[in-house]
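These notes are about the structure you will find just below.
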Amino acid sequence: MPKTDLWFTELQTDKLTIGLRINRTIHREVTEFQTLDVFETQQYGNLLVLDGCVMTTDKDEFVYHEMISHVPLHTHPNPKNVLVIGGGDGGAIREIVKHPTVERAVLAEIDGRVIEASKQYFPQIASGLADPRVDIQVTDGIQYVKDHKGEFDVVLVDSTDPVGPAVGLFARDFYQMVFDCLKEDGLFVAQTESPWVNQGLIRQVYSDIASVFPQAHLYLAYIPTYPTGMWSFTMGTKQYHPLRDRQPARVSGTKYYTEEIHQAAFVLPPFVQELTRQ
Ligand code: SPD
């Protein structure tokens, strides 16, 4: 089949784009909250785009979903109740339910159309949503944490970028609510964008999380379709330390996460370390 000359382009900043050659647009809609597109790319398989921003692709999704899930779940000695805010594609849930300790995994996703489109066009990413331990709540994650105090061992904030419906998920008030919805030894992780192009945001988020939680830790992973490829996650913990309390691997068959990657992810280049200085 001849290669087409159609491209999806994400304007990552006003000076930076990523371009992916596509075969076709598979799906396009405007939901109650955002635009939702699915493209078939030639390099990375199907691509999910919300409000013009790359969310995930078939081929590189495992890096993000393994790292947002297995790092916190291997920091907690016995994670039973886990909450994902956002994450409607189901990738984080798929990784969470691999943990034998997990008894309940709640998905609080504001846009039910993301869940449905993911089941239809990304079945291998959404596969974990069918696990009987999963409780899917189509609801505002901020309201959900307000209403569930002291309930969770681990919370993951698998948000979109800090525009549109996700803006409130990058705020100190929200981190305080997450603190309150965790048990007394709970911990949380949020996806916190690229150290190359979101330095102000990372500095602010790290400082906000450090002002709410006794410990804050930033770690990195390499995700080719996200702006610059270098991606950050920020962890807030009440008690456990991600390196000193790291548990032996409880899951097998991961394609990015290993015990060594867990340790190495917290080793930061000085220009990233600098973003965590108060
Ligand atoms: N610009 C990329 C930010 C995407 C973060 N969330 C991705 C959702 C995948 N579950």
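With every protein chain kept in place and ligands, DNA and RNA left out, what is the accessible area per residue of segment 45-94? Probe 1.4 Å, answer in Å². Don't skip to the end; give the middle numbers.
Working: 770 Å² over 50 residues.
Value returned for segment 45-94: 15 Å² of accessible area per residue.
What do you get for the angle between helix 172-181 and the principal long axis of the chain? Use alpha-carbon atoms, 0 to 90 degrees, nearest ten.
On a 0 to 90 degree scale, this one is about 60.
What relative contact order, as a whole-number percentage, does the chain give when Cα pairs under 8 Å and 6 or more residues apart are counted? If you can, show how the numbers build up before the last one.
On the way: 586 pairs, mean separation 46.5, N = 278.
17 percent.
With Cβ to Cβ distances under 12 Å as the rule, what net charge do the other residues near GLY19 carry (K, R +1; D, E -1)?
Spelling it out: positives minus negatives among the neighbours equals -1.
Taking springs between alpha-carbon atoms closer than 10 angstrom, which of VAL251, VAL189, VAL38 fluctuates most in the Gaussian network model of the chain?
In the Gaussian network model the winner is VAL251.
Can you grab the distance from the C-alpha centre of segment 60-75 to the C-alpha centre of segment 236-278, Å, no decimals?
10 Å
Identify which of GLY19, GLY90, GLY253 has the largest mean-square fluctuation in a Gaussian network model of the chain, with springs joining Cα atoms closer than 10 Å.
Result: GLY253 has the largest fluctuation of those listed.
Can you list the residues of segment 45-85 with backbone N under 14 Å from a point 7 Å past the Cα of THR31, pointing along Cα to Cβ?
48-56, 85
Take every DSSP beta bridge with both residues inside the chain and express the antiparallel ones as a percent of the total, to the nearest 5. Spell out each step's value before the answer.
On the way: 37 of 57 bridges.
So the antiparallel bridges in the chain amount to around 65 percent.
Give the relative contact order (percent, whole number) for segment 7-55; include only Cα pairs under 8 Å separated by 6+ residues. It would help to have the intermediate numbers written out before the result.
Values: 90 pairs, mean separation 14.4, N = 49.
So the answer I get is 29 percent.
Points 7 angstrom from Cα along the Cβ direction at THR139 and ASP14: gap in nanometres?
4.0 nm
Which residue, PRO123, PRO227, PRO132, tops the fluctuation ranking in a GNM of the chain built on C-alpha contacts under 10 Å?
The residue with the greatest mean-square fluctuation here is PRO132.
So which of LYS80/LYS119; LYS119/LYS183; LYS98/LYS149; LYS183/LYS238; LYS146/LYS183 end up more than 20 Å apart by C-alpha?
Numbers: LYS80/LYS119 25 Å; LYS119/LYS183 31 Å; LYS98/LYS149 25 Å; LYS183/LYS238 9 Å; LYS146/LYS183 14 Å.
From LYS80/LYS119; LYS119/LYS183; LYS98/LYS149; LYS183/LYS238; LYS146/LYS183, over 20 Å: LYS80/LYS119; LYS119/LYS183; LYS98/LYS149.
The values are calculated or read from the model by the stated rules, or taken from the named source; none is laboratory data. None of the values given here were measured: they were computed from a predicted structure. Here Cβ is always computed from backbone atoms with ideal geometry, including for glycine, and neighbour counts include all displayed protein chains. Heavy atoms of the whole protein, side chains included, go into the accessibility calculation; ligands, DNA and RNA do not. Shrake-Rupley method; radii C 1.70, N 1.55, O 1.52, S 1.80 Å.
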